[in-house]
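Student: There's a structure below that I have some questions on.
The values are calculated or read from the model by the stated rules, or taken from the named source; none is laboratory data. Bear in mind that the values here come from a model prediction, so they are computed numbers and not experimental data. Glycine gets a Cβ as well: all are built from the backbone with ideal geometry, and neighbour counts include every protein chain shown.
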Ligand SMILES: NC(=O)c1ccc[n+]([C@@H]2O[C@H](COP(=O)([O-])OP(=O)(O)OC[C@H]3O[C@@H](n4cnc5c(N)ncnc54)[C@H](O)[C@@H]3O)[C@@H](O)[C@H]2O)c1
C-alpha cells in the first residue's frame, strides 16, 4: 500500500462532466506515486437518469439536493459541474459549508457573479481551483515551457482557440448551453472561453484592449416536444486583443477564437505563439506532435516534435502511446489534489480564481465592444 492521503469527493451535477470524474478516479492507479487517493462517495443531481448512472457505478450517497451533499462531513472536496445560472448559488454554498472545490468554468454566469464568488473564496480557507484540462496535453505543456524559456524573443503574435462543430446540425435540440438565461449573455465565451484564456493568462500575455466579432448563427432550435425555442446565445466569438507582457510596453496582437460552429473541426483546442526568434504551435487536432520554430543566422526552421505520453504526473502508460482527452482530465485532477496537499512543486497547476475573473473581464469587454462597435479597454 502506497503512502497516499485519502480524500473523499462529492460531485454536484452528474452530467457530462460529473461522470468523467468518476472515470478519472477509477483510473487513478495509472498514476505513479501520486500523493493523494481520491474516492467519489457522493453525487447530488435531481435527474433520475443521472442518479441511476451513479447507482450503477456504486457511488454510496445519492442526493436530490446539493445542500444535503454539502452537509455531509465525510466529504472533503466537491466537484461542481452544473449549468452556469447555478454557479453562484452553489459555489457560494460550498464556500459557506467550508468545502474545498474545483468549479467548472465560466465560474459564474457573468463578471459580477464571478467576482462575488471569488471574494467569498478569498475570505475563506477553501482551496478552490477552476476546471481547464486542455493545457495538460504533453504538446501543450511543451509549448508552454518553450514560451516560458524566453526562446521566442519579442512576441509578434499569439493565437489561441477552441473550435467545435457540434452545432452545425441545426436539427440538434435546444439545451441549456444555447439559452442566455442558463448559459449567460457571454454565450460561447462562457462555454469555451476559459479553455482559450488559460494558457495566455498563465504565460503573462495580458489582454489590454479587445475588439470582438460575436455571431449568433442559429437563432431557433426545437425543444424535446418539437416547439421552436429561441437559441439566443452567441455561437461564435473571435476576439482581436491587444496584449502586453510585463516586460514590454509594445502591445502585440492576440487572437482568441471560441466557436461552436466551426465547420470541419470536432474538438480542436490550439495555442500558437510567434516571436522574433522562435515560435511554437500545438493543436489537439494533431495531438501527437507540436511544432517549434526558430530563426537564427537568417534561417527559418520549423521542427516537428513528438512528446509521446510525457505527462506532468508520471503514469504507467507506455511513453509511445497516444494521449487523449480523458488523460488530460486525469492530469488536471492529479494537479488539483496534489496542490491541495501542498505537493504541486514546480508542476503546472490548475486555473486559478484570479485567472478566471480576468477571463471574465475580457468577455465583458468583448460584449461592450459588440454593442459599441469599437475597441474596448479590458477593465
Ligand atoms: N471542462 C470541460 O471540458 C467542460 C466540458 C463541458 C462542460 N463543462 C462545464 O461543466 C459544467 C456542466 O456542464 P455539463 O456539460 O456537464 O452539463 P450537463 O447538462 O451534462 O450536466 C449538468 C448536470 O447538472 C445537473 N443539475 C441541474 N440542476 C442541478 C442542481 N440544482 N443541483 C445539482 N445538479 C443539478 C443536471 O441534472 C445535469 O445532470 C458547466 O459549467 C460547463 O461549462 C466543462
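Student: Quickly run through region 178-229 and pick out the residues that are free of Cβ contacts under 8 Å to residues at least 12 places away in the same chain and assigned to a loop (DSSP other than H, G, I, E, B). Before you say what the answer is, go through the steps one by one.
Tutor: Of region 178-229, the ones free of Cβ contacts under 8 Å to residues at least 12 places away in the same chain are 220, 225-228.
225, 226, 227 - these are the residues of region 178-229 that are free of Cβ contacts under 8 Å to residues at least 12 places away in the same chain and assigned to a loop (DSSP other than H, G, I, E, B).
Student: Might you let me know whether region 17-25 holds any residue that is surrounded by fewer than 23 Cβ atoms within 10 Å (Cβ to Cβ), away from the ligand (no atom under 15 Å from the Cβ) and assigned to a helix (DSSP H, G or I)?
Tutor: Yes, that holds for at least one residue.
Student: Now a separate question. The conditions are (1) within 24 Å of the chain's Cα centre (by Cα); (2) touching a residue at least 40 places away in the same chain (Cβ under 8 Å); (3) in a helix (DSSP H, G or I); (4) within 11 Å of the ligand (Cβ to nearest atom), and residue 132 fails exactly one of them. Which is it?
Tutor: (3)
Student: Still on this structure, I have one more. Of all residues in region 112-130, which are surrounded by 14 or more Cβ atoms within 10 Å (Cβ to Cβ) and out of contact with any helix residue (DSSP H, G or I) (no Cβ under 7 Å at 6 or more places or on another chain)?
Tutor: The one that is surrounded by 14 or more Cβ atoms within 10 Å (Cβ to Cβ) and out of contact with any helix residue (DSSP H, G or I) (no Cβ under 7 Å at 6 or more places or on another chain): 119.
Residue-by-condition table, conditions (1) out of contact with any strand residue (DSSP E or B) (no Cβ under 8 Å at 6 or more places or on another chain); (2) more than 16 Å from the ligand (Cβ to nearest atom); (3) assigned to a loop (DSSP other than H, G, I, E, B); (4) modelled with pLDDT of 95 or more:
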{"residue": "263", "(1), (2), (3), (4)": "yes, yes, yes, yes"}
{"residue": "279", "(1), (2), (3), (4)": "no, yes, no, yes"}
{"residue": "329", "(1), (2), (3), (4)": "yes, no, no, yes"}
{"residue": "332", "(1), (2), (3), (4)": "yes, no, no, yes"}
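Student: In addition: So in region 168-204, with the set limited to residues that are within 15 Å of the ligand (Cβ to nearest atom) and more than 20 Å from residue 105 (Cα to Cα), which one is surrounded by the most Cβ atoms within 10 Å (Cβ to Cβ)? So that I can check it myself, show each step before the final result.
Tutor: Looking only at region 168-204, we keep the residues that are within 15 Å of the ligand (Cβ to nearest atom), and these are 172-199.
After this cut, where a residue has to be more than 20 Å from residue 105 (Cα to Cα) as well, the list is 172-174.
Values: 172: 14, 173: 13, 174: 19.
Looking at residues that are within 15 Å of the ligand (Cβ to nearest atom) and more than 20 Å from residue 105 (Cα to Cα), I get 174.
Student: Sticking with this one: Which of the residues belonging to region 230-258 are modelled with pLDDT of 95 or more, over 24 Å from residue 354 (Cα atoms) and assigned to a strand (DSSP E or B)?
Tutor: Once the filter is applied, which keeps residues that are modelled with pLDDT of 95 or more, over 24 Å from residue 354 (Cα atoms) and assigned to a strand (DSSP E or B), region 230-258 yields only 236.
Student: Can you work out which of the residues in region 1-16 that are buried (at least 22 other Cβ atoms within 10 Å of the Cβ) and assigned to a strand (DSSP E or B) is farthest from the ligand (Cβ to nearest atom)?
Tutor: Restricting to residues being buried (at least 22 other Cβ atoms within 10 Å of the Cβ) and assigned to a strand (DSSP E or B), the top hit is 9.
Student: Quick test for you: out of 76, 110, 100, pick the one residue that is within 16 Å of the ligand (Cβ to nearest atom) and either farther than 28 Å from residue 272 by Cα or within 19 Å of the chain's Cα centre (by Cα) (or both). Please lay out each step first, then the result.
Tutor: Details: 76 fails: within 16 Å of the ligand (Cβ to nearest atom); 100 fails: within 16 Å of the ligand (Cβ to nearest atom).
Only one candidate passes the filter, namely 110.
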